[in-house]
1. Between copies, how close do the residue B:537 label points come, placed 7 Å along Cα→Cβ, listed in nm from shortest?
2. Under the rule of -39500 (n - 2.57) per DSSP H run of 4 or more residues, summed and divided by the residues of the protein assembly as shown, what mean residue ellipticity at 222 nm is obtained, to the nearest 500 deg cm²/dmol?
3. Shortest first and in nm with one decimal, please list how far the residue A:364 label point sits from its counterparts in the other copies (point 7 Å along Cα→Cβ).
4. Looking at B:198, B:33, B:600, which one has the Cα that reaches farthest to the positive end of the dipole of chain B (charges on Cβ: Lys, Arg +1; Asp, Glu -1)?
5. Any idea what the relative contact order of the stretch B:237-396 is, in percent, if you count C-alpha pairs under 8 Å spaced at least 6 apart?
6. Any chance you could list P(r) for the stretch A:242-357, counting all Cα-Cα pairs in 5 angstrom bins from zero, rounded to whole %?
7. Could you work out the local net charge near residue B:1, counting Lys and Arg as +1, Asp and Glu as -1, over the other residues with Cβ closer than 9 Å to its Cβ?
8. Check each of the trypsin sites (Lys or Arg not before Pro) in the stretch B:52-115 and keep only those in coil by DSSP with at most 11 other C-beta atoms within 10 angstrom; list them in order.
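The values are calculated or read from the model by the stated rules, or taken from the named source; none is laboratory data. Keep in mind it's a predicted model, so treat the numbers as computed, not measured. Here the Cβ is made from the backbone with ideal geometry for all residues, glycine too, and neighbour counts use every protein chain on show. For the accessible areas, the whole protein counts, side chains as well, though only heavy atoms, and no ligand, DNA or RNA atoms are used. Shrake-Rupley method; radii C 1.70, N 1.55, O 1.52, S 1.80 Å.
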Protein chains: 2
Amino acid sequence: MASPVLPSSGVLSPLGLDSVRPAPGFWGDRVALSREVIIDHCREWMERDGWIGNFRELNKNPARPRQGREFSDSEIYKLLEAMAWADHPGLPELAATVARAQEEDGYLNTRWHDDRYTDFEWGHELYCYGHLIQAGVARLRMHGEDELTTVARRAADHVCRRFMDTSETCGHPVVEMALVELYRATGVERYLEMARRFVERRGAPALADIAFGRAYFQDDLPVRKAEVFRGHAVRATYLACGAVDVAVETGDTELLAAIEAQWDRTVARRVHLTGGMGSHHADEAFGEDFELPPDRAYAETCAGVGSVMLAQRLLLATGDVRYADLAERTLFNVLATSPALDGRSFFYANPLHVRVPATPSEGINQGVEGDLRSPWFTVSCCPNNIARTYASLAAYLATSDASGVQIHHHTPGEIRHDGLALRVETGYPWSGAVTVRVLEARPARISLRVPAWASGARISYGGTDRPAPAGYAVAEGDWQVGDEIRLDLPVTPRWTFPDNRVDALRGCAAVERGPVVYCAESVGDVPELALVEARMSPPVEHLVDGVVELDVRSTRISPETDTWPYIPAQPAEQPAERPDGDPDPSGQPASPETLRLVPYHRWGNRGPATMRVWLPAADRRV
Amino acid sequence: MASPVLPSSGVLSPLGLDSVRPAPGFWGDRVALSREVIIDHCREWMERDGWIGNFRELNKNPARPRQGREFSDSEIYKLLEAMAWADHPGLPELAATVARAQEEDGYLNTRWHDDRYTDFEWGHELYCYGHLIQAGVARLRMHGEDELTTVARRAADHVCRRFMDTSETCGHPVVEMALVELYRATGVERYLEMARRFVERRGAPALADIAFGRAYFQDDLPVRKAEVFRGHAVRATYLACGAVDVAVETGDTELLAAIEAQWDRTVARRVHLTGGMGSHHADEAFGEDFELPPDRAYAETCAGVGSVMLAQRLLLATGDVRYADLAERTLFNVLATSPALDGRSFFYANPLHVRVPATPSEGINQGVEGDLRSPWFTVSCCPNNIARTYASLAAYLATSDASGVQIHHHTPGEIRHDGLALRVETGYPWSGAVTVRVLEARPARISLRVPAWASGARISYGGTDRPAPAGYAVAEGDWQVGDEIRLDLPVTPRWTFPDNRVDALRGCAAVERGPVVYCAESVGDVPELALVEARMSPPVEHLVDGVVELDVRSTRISPETDTWPYIPAQPAEQPAERPDGDPDPSGQPASPETLRLVPYHRWGNRGPATMRVWLPAADRRV
């Protein structure tokens, strides 16, 4: 089975790339984009940067300075994983380049040599192995043993020899989940034991204190004692993935329950509407509960990847639809947002409010601000992470259990499992109609996810038609070839309001439609977004280039001051309530105007712009 | 005249430490705190840290690694400046320690040696000279020539030789204003010319591009072309100080007007209610216009110092009261906030909202978060900057012109100028009554600042009593010893609302009283501050330990969700408006409760707490 995660037990089992074949459609187009554009884009940049050259020139040319950050090896490994899932013809050559740099004892790193393992906080050596091992597992599952899998296993064996009986661990988790997956792929139990020890020794503490504090790398508390995700959001989600993997393979229900509880609290208090995670730029970290300013949202693309990987693991372990719901939200509003339509530039951060159009610049983006997509970054994890996640996306779409098949993400394609073959046809997310046609038949339950927002959904098949509440709509029968199941998800645009504890969003509303978050984007002559107040009238749909855009009503508001922006209370005799049409500077009530909203994941494709997801709202409720 | 800034021309002239002597009172107490506690506190920490040892051991002990950050020399210089203003007996010994490290050609830095001037972006060598020269000027004006002034002049001469005809400058401004001041103190014109060239060559650009972008160190645009302060807030305000100083001494009215315009726009759009500057943690920088989330406010103490220094320069140049108004706001709400009451711990960042009580820790704070004061920091600019600013604070209080004396900041003390001697008596800011008694008399105009918030102020003297509109209340007469002028500033607590473009503050209100911003502080059992909605009723005053605290009415609100914090619109048939008393979970309207507000500058003195300046507001206007 070709899937990035293949637990040996759990409520659901994944269906891999060999079972699920996306067709043209929202996600199938993106799988193709990764295979045909993004992978080569990343490879070209890493050649240009010299990050691949670091392997090629290692120990050959002492005059050549090493290029890139101390963890740049990991970017080549993420790309190798993407290539493995995409069966990319360039993999063997790149794998051979990597293999030549491996030392006799399995050690492999272009940055560290005689000084290996002298900086666990920032050295990233185990982090690099983690991505190498994930690439090796992908290759093993897609292709079988070859040079890449050999390199990965040698590295894993080296790690087990070197670290099994120490108290050390890496500042950046990922090796934990990689080792569990290598155990799953090979049956070699020491990989699982090594992963378990890395998970357990974290928080002892195992690392030195740093300026950001140990919570930055989740070393403040043992993972099973924590109550919420905190610190660096990519590290936090990657560690949680490893903990779930260890819990599932060792039957550690306490550890699994701990991660579930941390996820619950995090999702209730520390996640942006888009599913984006992270409110702090300096340490790329979660904020405190309800600290979610949309303009300072960091919501790193890689944290979105980590969140989707974690949700998949929790879904498989528990079968709880909430994990698939958050995964979908994150896929449509973080992972689909990062790459430009042409797959050649990327957001690193994904803020929900941009006040000033970016100044375009050429080449590498040294920073990570989310106001303009860039072709490459000094730290370029996000493009490679998108490449590998898109390339393996088919493995996230559907699962199986003894009773049949579950479809979690609705996108055109074919699903085959154990004598059952299904074709999914849908214009989702623009349409809410999903048709599942039986291509090869056997008796089975076919379950279709009904997202929490889809109130009023219906399922019909075999002449029956019934309501489909949130969760899974189950169609059960002795299927015949040609049978159809139809799921209708109401994708009427809806206004969404923040809980009153999310301070930065007070008085605002956002529009969602199906799984897609919308935003206002100020391309060209639209009004300054700071001076628009939305009316809670129903949005009007327009199909533009195959994408649903929305018109809402808004009124222009006037700035209250042009000097000091904090204004004394007005005397009580002045009217406390403003009329429905706010006065403009001439004293006339403003007429409602039309404000066009576009899917958040589409913003910024038409050049520099301002953007906001949360709109100042004239009313608290519709 | 003993003042940190002594322009040779301008609408107003400063009165220095020799003319203004604060007595016990709000600011006099803080001048004494610096002299008696903060200076020694800083010196002890810099001995313990080895930062002073860097000078002592230079070229002596190759085995001893240099201690501290690359710019730690500058901290010793800030402390020397504080010692100079305070006439501290420890100055000669510390100055001698510094002097021994100076090279033959005047070069002086404990971090750089053979590799001097190889990193203008981050090397901070000119920045360190700037603070050394400011210390030398302070010493010259307080004491006369000595070893410290010699060291400073040799360094300045070295800078002029090395940099007069290059295109280089320093990543961190400060040398510009230091050189102008040394010119003012010595009359040596090359110092002014060097400063002018440093100001002008910035933005050519003069520095390499960096990850934060050149705006970080204001090298994105020539200073006279910029429209607003941007980038690192301390750098921005320090550069503006140097530009004003150069403009004033060279008669460059265009340059002065450019800084005034930048200040105007900055104050209208990029400053927190406290006067704090900076919204970004990663680069300690200004945000975009109206990007002012109170929880992510950085508002570094040193940026407050820079803002006060700049306001003083603009006030002297123009006589415009708005500069003194912002200086007062910043003094009471940033500079008075940073040090604990005992002067032994400090805020580095000064956020306006803290959601989680800090975890106390001992010793050096590697971070800069503003949830708890720390005795010392890895980068410890703020304590030293408070020390030197408090020690010279007398020079910011009053000015003179041909017609008489202007009192900008009301605090007890004596002011002497040209045959006139005045004693100021006041309980300000707790009381709004200010009495100025004539101790030595001559005919003169005595102008007392009336802040913009002080609507209804009155001035009375010589049997007259009249309204005193915002600006300066002028008392003119042939004064006799014993005459009194009385200014009454209404310090009734007032509700303040944000402009509708400050997104993060929508739906909130704050309370100010006189120049003091108030906050709610959750010490002990007070309700969770996230769940309190303030009623706009008039605050009730309480005098607690000599400080005015305020009670406002509030109601507890209930969280709207415990899961995903973004809530679908309710159907239109449900009530859109909430009743005045919000329902609690039991469905009963909540009764108004009392919420105690304390001066923002006092928060955090009673141990870890949550805090918020901006309160969710039940009503838009009183």
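1. List, nearest first: 4.0 nm.
2. Calculated from helices alone, the mean residue ellipticity at 222 nm is -9000 deg cm²/dmol.
3. From this label point to the equivalent ones elsewhere in the assembly: 3.1 nm.
4. It is B:33.
5. 19
6. Going out from 0 Å in 5 Å bins, the stretch A:242-357 shows 2, 12, 20, 21, 19, 13, 8, 3, 1, 0, 0 percent.
7. On the way: positive: B:141; negative: B:18.
Computed value for this residue: 0.
8. Filter output for the stretch B:52-115: B:60.
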